[in-house]
1. Look at residue 87 and say whether it is modelled with pLDDT under 90 and charged (D, E, K, R).
2. Write out, first by first residue and then by second, each pair whose Cβ atoms fall under 7 Å of each other, whose residues are 6+ apart or on separate chains, and whose first residue, in the range 33-47, is farther than 12 Å from residue 61 by Cβ while the second is of a type in the set (S, T, N, Q) and in a strand (DSSP E or B).
3. Tell me the residue from 151, 140 that is closer than 16 Å to residue 95 by Cβ, modelled with pLDDT of 60 or more and among the aliphatic types (A, V, I, L, M), please.
4. So which of 21, 26, 63, 58 is over 22 Å from residue 101 (Cα atoms) and touching a helix residue (DSSP H, G or I) at 6+ places or on another chain (Cβ under 6 Å)?
5. So which pairs qualify, if the first residue must be in the range 84-111 and closer than 14 Å to residue 12 by Cβ and of a type in the set (Gly, Ala, Ser), the second must be at pLDDT below 95 and assigned to a loop (DSSP other than H, G, I, E, B), the Cβ gap must be under 7 Å, and the two must be at least 6 apart or on different chains?
6. Of all residues in the range 1-52, which are among the hydrophobic types (A, V, I, L, M, F, W, C), in contact with a Gly (Cβ under 7 Å, 6 or more places away or on another chain) and either part of a loop (DSSP other than H, G, I, E, B) or surrounded by 19 or more Cβ atoms within 10 Å (Cβ to Cβ) (or both)?
7. Going by the structure shown, is residue 129 out of contact with any Asp or Glu (no Cβ under 8 Å at 6 or more places or on another chain), buried (at least 19 other Cβ atoms within 10 Å of the Cβ), under 21 Å from residue 40 (Cβ atoms) and modelled with pLDDT under 90?
8. Pairs under 9 Å by beta carbon, first residue within 17 Å of residue 23 (Cα to Cα) in the range 128-149, partner of a type in the set (Phe, Trp, Tyr), six or more apart or different chains?
Amino acid sequence: MRHVNVRLTAHDVDPETAYQRISDFRRYPDVTETVREVVVHPPHDDGTVVSDWTVRFRNGLMRWTERDAFFPQNLSIGFTQLSGDFELFEGTWRCETGEDGTTVTFEAMFDLGIPTLAELLDPVADSTLRTNIERILHGLLGRVTPAPAELADTAAVAHG
């Protein structure tokens with residue numbers, strides 16, 4: 001299983017606005033070519049939403065369905081794949097006030113489900129996922145840069 005942690009600073013966007021934009025999955029295909037399609041289904045009674053994703057992944061497409069839980073009180077989103085191309089794909093988005101703007105953190109764990117090729121495929125998937133997240137955030141939030149190292153180091157210790 002692979003763990004991905006992407007921390008970027010969004011400049012000139014407050015945390016609440018960043019959270020609202022990130023929560024609007026339907027908008028992703030309009031702001032980046034990385035995401036081909038997102039279908040968001042009506043909310044369940046518990047407030048969670050199921051969404052279907054089609055995303056460019058290297059020279060092909062990855063497809064999956066996930067359950068999304070939104071937590072506006074702490075500006076975070078949790079997601080868990082229900083079915084799709086990954087064996088496992090789950091994680092969180094968080095938005096918080098940072099040193100030079102809003103720090104957006106995307107954390108995920110994934111498993112492609114091909115153990116014999118994991119050593120070759122996982123690093124490629126890791127890199128592609130990081131690049132895709134950066135492109136999505138750039139499209140949604142404008143100028144984004146790596147978060148200050150001390151924040152990234154603190155998060156790695158706190159969550160690792």
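The values are calculated or read from the model by the stated rules, or taken from the named source; none is laboratory data. Here the structure is a predicted model, which is why all the values come from computation and not from measurement. Reconstructed Cβ throughout: ideal geometry from the backbone, glycine too, with neighbour counts over all protein chains shown.
1. yes
2. Listed pairs, sorted by first residue: 38/51; 39/51; 40/51; 41/51.
3. Being closer than 16 Å to residue 95 by Cβ, modelled with pLDDT of 60 or more and among the aliphatic types (A, V, I, L, M) holds for just one of 151, 140, which is 140.
4. 58
5. 98/147; 101/11; 101/12; 101/13
6. Pass one, the range 1-52, residues among the hydrophobic types (A, V, I, L, M, F, W, C): 1, 4, 6, 8, 10, 13, 18, 22, 25, 31, 35, 38-40, 49-50.
Now narrow it down to the ones that are in contact with a Gly (Cβ under 7 Å, 6 or more places away or on another chain): 10, 13, 31.
Answer for the range 1-52, where residues must be among the hydrophobic types (A, V, I, L, M, F, W, C), in contact with a Gly (Cβ under 7 Å, 6 or more places away or on another chain) and either part of a loop (DSSP other than H, G, I, E, B) or surrounded by 19 or more Cβ atoms within 10 Å (Cβ to Cβ) (or both): 10, 13.
7. yes
8. These pairs meet every condition: 132/57; 133/106; 136/28; 136/106; 137/106; 139/28; 140/28.
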